[in-house]
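The values are calculated or read from the model by the stated rules, or taken from the named source; none is laboratory data. None of these values were measured; they are calculated from a predicted model. Here Cβ is always computed from backbone atoms with ideal geometry, including for glycine, and neighbour counts include all displayed protein chains. Calculation scope for accessible area: heavy atoms of the full protein, side chains included, ligands and nucleic acids excluded. Shrake-Rupley method; radii C 1.70, N 1.55, O 1.52, S 1.80 Å.
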Amino acid sequence: MAERGLEPSPAAVAALPPEVRAQLAELELELSEGDITQKGYEKKRSKLLSPYIPQTQETDSSVQKEHRNQTPAPSAAPTSAPSKYHRSRSGGARDERYRSDIHTEAVQAALAKHKEQKMALPMPTKRRSTFVQSPADACTPPDTSSASEDEGSLRRQAALSAALQQSLQNAESWINRSIQGSSTSSSASSTLSHGEVKGTSGSLADVFANTRIENFSAPPDVTTTTSSSSSSSIRPANIDLPPSGIVKGMHKGSNRSSLMDTADGVPVNSRVSTKIQQLLNTLKRPKRPPLKEFFVDDSEEIVEVPQPDPNQPRPEGRQMTPVKGEPLGVICNWPPALESALQRWGTTQAKCPCLTALDVTGKPVYTLTYGKLWSRSLKLAYTLLNKLGTKNEPVLKPGDRVALVYPNNDPVMFMVAFYGCLLAEVIPVPIEVPLTRKDAGGQQIGFLLGSCGIALALTSEVCLKGLPKTQNGEIVQFKGWPRLKWVVTDSKYLSKPPKDWQPLISPAGTEPAYIEYKTSKEGSVMGVTVSRLAMLSHCQALSQACNYSEGETVVNVLDFKKDAGLWHGMFANVMNKMHTISVPYSVMKTCPLSWVQRVHAHKARVALVKCRDLHWAMMAHRDQRDVSLSSLRMLIVTDGANPWSVSSCDAFLSLFQSHGLKPEAICPCATSAEAMTVAIRRPGVPGAPLPGRAILSMNGLSYGVIRVNTEDKNSALTVQDVGHVMPGGMMCIVKPDGPPQLCKTDEIGEICVSSRTGGMMYFGLAGVTKNTFEVIPVNSAGSPVGDVPFIRSGLLGFVGPGSLVFVVGKMDGLLMVSGRRHNADDIVATGLAVESIKTVYRGRIAVFSVSVFYDERIVVVAEQRPDASEEDSFQWMSRVLQAIDSIHQVGVYCLALVPANTLPKTPLGGIHISQTKQLFLEGSLHPCNILMCPHTCVTNLPKPRQKQPGVGPASVMVGNLVAGKRIAQAAGRDLGQIEENDLVRKGTTVCTASCLQLHKRAERIAAVLSDKGHLNAGDNVVLLYPPGIELIAAFYGCLYAGCIPVTVRPPHAQNLTATLPTVRMIVDVSKAACILTTQTLMRLLRSREAAAAVDVKTWPTIIDTDDLPRKRLPQLYKPPTPEMLAYLDFSVSTTGMLTGVKMSHSAVNALCRAIKLQCELYSSRQIAICLDPYCGLGFALWCLCSVYSGHQSILIPPMELENNLFLWLSTVNQYKIRDTFCSYSVMELCTKGLGNQVEVLKTRGINLSCIRTCVVVAEERPRIALQQSFSKLFKDIGLSPRAVSTTFGSRVNVAICLQGTSGPDPTTVYVDLKSLRHDRVRLVERGAPQSLLLSESGKILPGVKVVIVNPETKGPVGDSHLGEIWVNSPHTASGYYTIYDSETLQADHFNTRLSFGDAAQTLWARTGYLGFVRRTELTAATGERHDALYVVGALDETLELRGLRYHPIDIETSVSRVHRSIAECAVFTWTNLLVVVVELCGSEQEALDLVPLVTNVVLEEHYLIVGVVVVVDPGVIPINSRGEKQRMHLRDSFLADQLDPIYVAYNM
C-alpha cells in the first residue's frame, strides 16, 4: 500500500541519494517526452522510492486523509534544490521562453497559500460525445469500489508528485469536502471527480448543518438517500437518466443515480445540487473590494467606479533626463549608401561568401558570393525597370512599391530580390507567403498591400508553384488582397543588362528604402517606412555597437524578412563583408540543435537567436556531446526585451558553459519595428563582473512604479538589462497614456528613442504617424523639453543605474484592469509555471483582455493536449486561476482550453492574438474546456437595492395625489342584464353538426352516463377526446346528466411516458367517477405501454361513446341555482402548477355574453379556431361560445398543423373567415415553416384580406416581435397589419382582455428596463438604451374591472408603478378545485380585498401577473379616454436578484440574440444563482462558445452574473400547449439531473 500511494515530502526528496534523484529526473523527462506511459512511470517510480519511504507514513495516512483529499495531480519536476544535472535535463517540461525556477517556486508557494483558504470549485459536466479527445479509460480512475470503506478512504488514487505534494492545495481546498458521504455519493456526484474523493461518513450531515440552502423547497431528507456503495444500480422508473457512460470519473459499479427525495417528492440528484451548493459556498467568499454599505436611490443604478487604493505606491523620484548613447564613430571609409557597399564588395571581392542557405536536414546547400549577389541584383533591377511593360509604358517606376513573397527557407532569392529592388529604386515590402485563402491576419496584410498601392509581387518559381490555385490554375484571390501580378525572379527568367547600363546609386537620403510590416494589438497591419539614410545609419550604429569586422561569420536563426534578422543578417553583413549562415524555422523544427552545430562547424563569431532557440537547443542537448561554442563573441538574444528571457539565458549558459560558451558573450537586445534597435548589451570583457539584475515588485509594476521587491518573494519579477542606448541615439521614458510627459526616475513608462536610425512613418497613415514618430516630450508643467522629435518604441521599461536599459513589457501586451497594468507575458509565464506537462502545449497560450461591463477583463486561451483527461485539465485550470490571483492580484474572467492545433497561428508558428480574440468574441473559438469567473472578477456591479420600509397606505394615497398621479385602474363597458337562458336551445349549424344533432347525441351520452356509470348529479367526469365535435357532445351530455365535465387532452400515443402521467394526475386530483372516451383511446389507456408509465389497474370506470344506444333520459337536469358548478377547467400554468378552477353556470353565461359583445359574434358569423379545445379560452370558444352565440365555428387542431402547415391559412381563405383565434405556438410554426413559402401560398390562391381580427390567445406578455414578423410575412397575401392582436387571461379569469372589433387599435409603449426592475414604469423614446417595447394585451372585456396592486401591501398603486393585476368580473372562476381544499389560498386568490382606498369593499381575484395601466389619447367605445392594460409577466416567474425584480423573458431575449446557434433559451434561479439553459441548434463543438457570450450579455445588459450555463439539445426546454416555457419544470429536471446536457458550466 505504501508504494502505491505515499509520496516522499520535498525534504525527503532532497535527502535521497544523488543517483536516485538523477534516475527520478530521467523518468520525469521520459514521461514528459512521451517515451513512457503514465502507468509505467508510476510503477518504475514507486520501485525507485520504495526503499526510502519511512514506514511511519503508513500509520499516519489516515490522519493525512483528513487534511487533504487525495487527487492525482499532473506530475511535476521536483523543485526542491534540483541538482545541476536535473536542471539541465528538465527542458522538456517548460517553454524556456518563460522558464524561471524562481517563478515556479513562487507559483508553488502561492498555491500552497491557497491551501489554507478553503475553496470549492464544481467541475463542469460534459457529455462524452462533445469532444472525443481522450480515450475512455483515461478518464476512469482505478476501480476501488470493491474495497471496504476504510481501505478505500485510506488509499491514494495516484502518485502525487513531490513538488505539488508540498505546495498545491490538494483538491480539498477546491472541493471543500463537499457533500460527500462515504456511502452516499458516487463519484459521479463529486465535484472535481478526480477519482474517489471520500470524506468521512459524517461529512454529509456536517455540511448540511453548516450550509444554508436558501429557499430550497424543503431540506433534503438525508436519511432516505439511496445507498450507492453496492454495485447494483438502482434506477427509479420515473426518471429518464442518461446512460452512465456519460459520467466522468465514476468508479465502475457505483450507482449513477444517488438520489435525494425532497419533501415534495421531487427527486433531486445530489450531483447537480452538490455542485451548485459548492458554487454557493465558493461565492460566499468575500470579494476583494468590499461593497460599501449605503443606500442609493433606486431611480438610478450607479456602477461602482473603482476608487484608487489609498495605499498604492506612487513614484517619488525626480523627473528623468534623456540618456545619450556614445557618439557614432567617424570612419572615413563608410560607404555613402548601403548599395555602394554591395557594389564595392561585388566588384572587388566577388569570390567572398555572403550568405549560406541550409536544406531541410540542416546541411549547407548553397552559398551566395558577393559577386553573384551583385550580378543577379543588377539583372533583376534592369528587368524590373525595362522588361515588364513597353518602353513608353513601364509597369514600374522608381518609388513604386512591390511585394516580396519568399518562403522562410529561401534567404538567397529574398536577398537578391531585396537588393534588386534597392538598385532599381523601387520600394520592397516583404510579407509572408499566404498559405490559404483565409490565413490568420491575411486580410489585414491585404489592406496594407492595398494602401501601399502594390500591383506587383516578386516571388520564386518554387514558391509560385506552391501557392493555392483555383480550378483553372490561376492563383486564388486572397481575402482582402488587391489584384496582383506575380513576377518570378529566378535567374533564368531575368534579362542581362547591356554593357552601358548602370544603376543610379545616390548618397543615402530621406527617401524611403523599404517598408516593414507590423501587426498592432488590434490585429491591423501597418507598414513602417524606413528611409535609405536610416537604413545606413542603423547599419553603422549596429556595426559599432557589435564591433563587427570584415570576414566574420554570423549564424542567423531569425526571420530574415524583418526586424533584427533583416538588420544584422541582410544589411550589416553586406556593410561589413561578413558571411551569414541562415538557419530557417523549418530546420529548427526538425533539428533544434542545428544552429549550435553551425556555430561549431563554421567557428562563427556571432549568433542571432530568440529564447525559443536556446530552449530547443537545451532540449536536444543530449543528442550532441561534442559541440563547441568557444568561437562565439556575441550571442545576441533578440527577444531580451521579454522579461522572461533572463531565465532562458541563465539556463542556456549553465548548460553550455562546459562547451566553451563565455558568460560575457550573451548579449540581450531590445528592438521594435518603429524604433529599430532600441538598446543592445555590448560584448563584455572576459572576467569582468556580469551586470546586475533588477528584482522588482509585481505589485509596484502594476501601478507603474519601480520598487525593489522586499515583501514576499512570490510576486517578484527578475529582469535583466538589455545594455545601453545605441551609438548616436538618445532615449527618454514617457507616460504610456495621455500627453508624452517625462516619467520620474522610479516610474515605468514607454521607451522613446531619438536618432537617425528609426523608421520615418506608418505608410499612408499620417495621423497615427504623428503620435508615434514625432513625439516631443513634455515636463510635468506640460511645456516641451527640447525640440528633438522622439519615436515611441512600444516597449515599457526604465533606465536603471549606469544608464542600463531595462524592459518590463510591451505596450501591445498591456492589460489595464481596474486602473492597474498587467502584462500579458507575465500572466502567460505564471500559467506555465503551474506544471502543465500533461494538459496544455507550452508556447500556445494567448492572453488578452476584452471589455465587459465598463472594465477590461482578462481572458486566457490555451491549446489542450489530446491525451489530457477532463480532470487533469480542470485541475490545471483551477490552479492557474489561483496562481494568477495570488501573484498578480488580478482575477481571470475566462480560461478556455481549445483542441490542439486550432488556434490561429502567425506565419512563424506563434499564436495570432488578435485573431484569437476576434474568434472568442464572435463565438467561434470552439473550446473543449472553459472556466469563467465573473463572480470573482466583476467587482463594479451596482449596489444591491435595499427595500424601503413599508410605507403606510395613507401616505401612498397622499403621495399619489400630490404628484398628480391617478390610481391605476380600468374597466370594460357594462354588460347589461344577463338574460336567464339555458345554454343549449338554439338550432344553428356548428361545424358539421347542427345544434339539433348535437342535442340528440348529448341526450344519448347522458343516458349512458346514468346507466353504465351509475353516476349521481355533481359527480366529476373526465372527457378524453381528440379535438372535435365528439368533445362538445360529451360536454353537453354531462351537463344534461347533471355531471361536471373535466376536459383533458388525450395522451400522445408515441410519447406515453411524458403525457400519460398528466392525464392520470388530473383524473386523481379531480376525483373523477368515470372517464368518457373513444374506443381507440380506451385501448390505449389499458395498453401494456401505458402500464409502464402509470398504474392502469386503478382507472375509474371507462366508458366509450363510439356506439351509443338510442335512448334518452326521462328528463334533463337543470341546475337549481346559477352558482352551481358547470365544469372544471384544468391546466398547467407557466410556473408548472397543475390547477383546476371551478366555473359556475352564471360565470359561463357572463363569459359567453362578454365575448359575444366584444367580438360582435352573430349567428351569421363564422370563426376559425386553431387552439387546443381543452382549457381556458380555447375551450370556451369551441364548446361554449359557438353554442351560445349560434355562429359557425371551425376547429383546426394545432396538432394537425405539424403535418400540414397550410391547413389553418387555407381554411381561413376557403371559408372567407373574418375572425380567427390561434396560439403563439401556431403563429411561430407558420412564421418559421412558411417563411420562405409565401410565393407558394400565392400560387395556391390563398388570400387573407378577409381577416378582420386574428387573435392570439395567451397568458403572458404579448410577443411583439413574433406578431410583427407574422404580420410582415403575410402582408403580401392580404393580411392587414391591424388585424393581429392578443388576449390576456389567467387561471382565475380565462378572458380579461380581448381586442374585439370595435375598440381602438392596440397601443405600444417603450419603457425603461432599469426602472422596471425597481417596479417603476418610466416611458422612454423609441431607441433609448435599455428600453423595452410593450404592447397592450387587447381591450378589457365588458363587465371586467382591473386594478393594479402592490403584491406585498395589497394597496392600489399609481399608474407609474408596476404591480399585480387584480380583476373583478362576473365570469371570474369561483375557486380552485384541489384535493386539500386549502381555504387560505382560495380566499387569497379569488375573494380578496384591497387593504385601503376601496370604500365599496369589492371582491377581487388575483391574476398572479404584473402589469400597469396607462391612459391613452384614444377614445374608448364609451366615449371616454381609453385605459390600456399592459402585461409584463407572471409574478411567480420573476427573479428576485440583487434586490431587483427581473422578468425571465427579458434576459432570455438578450441571450437568444447573442449567437446564431441558440435556438431557444430559458432562465430560472436556484438559491440566488441565475441558471441559463440554452438549446444549441448548431454542432456540439459550439457548445462551449456560448458560455462566455451568455455570461457577457447578461452582465452588460442586466447587471447580473450568471451562475450556471447549461447547454442542451433542441426541444429540451418544455413548452405547454399555449407555447409558453415551463421554466419550473425545467428547473426540476435540471436539479434531478434529467436534462442530459451537452455541457454545464459553473461560473465562479
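Averaging Cα coordinates gives a centre for the stretch 600-668 and one for the stretch 1199-1215; these two points are 80 Å apart.
Can you tell me what percent of all Cα-Cα pairs in the stretch 578-690 are more than 25 Å apart? For the stretch 578-690, the fraction of Cα-Cα distances above 25 Å is 16 percent.
Quarter the surface of the alpha carbon convex hull of the stretch 1427-1468 and you get the mean projected area, 4.3 square nanometres.
In a fully extended conformation the segment linking Arg622 and Ala766 would gain 46.5 nm over its present Cα-Cα distance, using 0.36 nm per residue. Annotation for the stretch 524-575 versus the stretch 829-870: alpha-carbon center distance of 35 Å. Legend: calculated FRET efficiency, Leu1333 to Lys485, from the Cβ-Cβ distance at R0 = 51 Å, rounded to 0.05, equals 0.40. Here the stretch 1266-1411 has 52 percent of its accessible surface on carbon and sulfur atoms, given a 1.4 Å probe and all protein chains in place. The string of couplings for the stretch 721-730 from the Karplus curve (6.51, -1.76, 1.60, θ = phi - 60°) is 6, 10, x, 9, 4, 5, x, x, x, 9 Hz, one whole number per residue in order, with x for Gly and Pro. Going by Cα centres, the stretch 1115-1154 and the stretch 429-454 are how many Å apart? Here the answer is 74 Å between Cα centres. Label zone (Arg1282, point 7 Å along Cα-to-C-beta; backbone nitrogen cut-off 16 Å) within the stretch 1417-1443: 1418-1421. Annotation: amide H of His1426 within the under-5 Å range of Thr1416, Leu1418, Thr1419, Ala1420, sequence separation 5 or more or interchain, hydrogens built in the peptide plane. Using the Cα coordinates of the stretch 1168-1284, the gyration tensor eigenvalues translate into equivalent-ellipsoid semi-axes of 22, 16, 13 Å, sorted from longest to shortest.
All other residues whose Cβ lies under 13 angstrom from that of Arg605 are scored, Lys and Arg at +1 and Asp and Glu at -1, for a net of +2. So for the stretch 1137-1279, averaging the separation of alpha carbon pairs under 8 Å that are six or more residues apart and normalising by length, what relative contact order in percent results? Computed over the stretch 1137-1279, the figure is 22 percent. Here's how it looks for Tyr1543: its modeled amide H is under 5 Å from those of Arg127, Val1511, which are all 5 or more places away or on a different chain.
Sequence-distant contacts, meaning Cα pairs under 8 Å at least 6 residues apart, place the relative contact order of the stretch 1313-1375 at 33 percent. Under 5 Å from the amide H of Ile1296 lie the amide H atoms of Phe1288, Gly1289, Ser1290, each residue being 5 or more positions distant or on a separate chain, with H modelled from the backbone and absent for Pro and chain starts.
Each Cα pair under 8 Å and six or more residues apart adds its separation to the average, and for the stretch 1030-1120 the resulting relative contact order is 33 percent.
The fraction of accessible area contributed by carbon and sulfur in the stretch 560-719 is 55 percent, rounded to a whole number (1.4 Å probe; ligands and nucleic acids excluded). Across the stretch 1097-1109, rounded Karplus estimates of 3J(HN,Hα) from the backbone phi angles (6.51 cos²θ - 1.76 cosθ + 1.60, θ = phi - 60°) give 6, 10, 4, x, 3, 10, 10, 9, 10, 6, 10, 9, x Hz, Gly and Pro being marked x.
The phi-based Karplus calculation (6.51 cos²θ - 1.76 cosθ + 1.60; θ = phi - 60°) puts the 3J(HN,Hα) values of the stretch 640-653 at x, 6, 6, x, 8, 5, 4, 6, 5, 4, 4, 5, 5, 5 Hz, whole numbers, x for Gly and Pro.
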